[in-house]
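Presented below is the structure to which this report refers.
No value in this document is a laboratory result; all are computed from the given coordinates. The structure presented is a predicted model; accordingly, all values stated were derived computationally and were not measured. FYI the Cβ positions are ideal-geometry reconstructions off the backbone, even for glycines, and counts take in every protein chain you see.
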Amino acid sequence: MGRNVINKDGVTMIVCSRGQRTPHCEICGKPNGIRLCDYPTSKGKTCDRRMCPNCSARPQGKDEDYCPDHRERAGLGKPEPKFNLEGSRMIAARYDGRCKACHVEIGAGDDVLYMPQEKAVLCEPCAAETEGQQRL
Ligand SMILES: [Zn+2]
Ligand SMILES: [Zn+2]
Ligand SMILES: [Zn+2]
């Protein structure tokens, strides 16, 4: 049996039961993880972080992709600062949410960087990384 027929709300849908779906991007979580990081991490191995085209960097004229952690070492330069940090400050989160950069879950009371321009927060490691970039 290669397919299941589901009758849902009077609409007949045909669903492939083999679950052939594009894997999710490990960076942003979008179901478009069609690229793998090609940075060599050890002999014969590459980082293989799964990414969407948006989150990966590709050197001009090459068929290689690099994740945000490796693009700098692959000679592609630093990622652009992604956020407007004007007026940002460390606060204790007032409610549960997610880090704007890495999408990690944030609980009320956690230290976060609040960015009023973005109306969003960053978790501590992302805050340190982002602030470090903007000081350069
Ligand atoms: Zn992505
Ligand atoms: Zn990588
Ligand atoms: Zn984060």
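From the convex hull of the Cα coordinates of the range 21-79, what is the mean projected area in square nanometres? Don't skip to the end; give the middle numbers.
Values: hull surface 16.7 nm².
Seen from a random direction, the Cα hull of the range 21-79 projects 4.2 nm² on average.
According to a simple spin-label model (label point 7 Å from Cα along Cα-to-Cβ), what is the distance in nm between residue 60 and residue 91?
My value for the distance between the label points is 4.3 nm.
In nm, to one decimal, how far is the modelled label at residue 73 from the one at residue 30, with both set 7 Å along Cα→Cβ?
2.6
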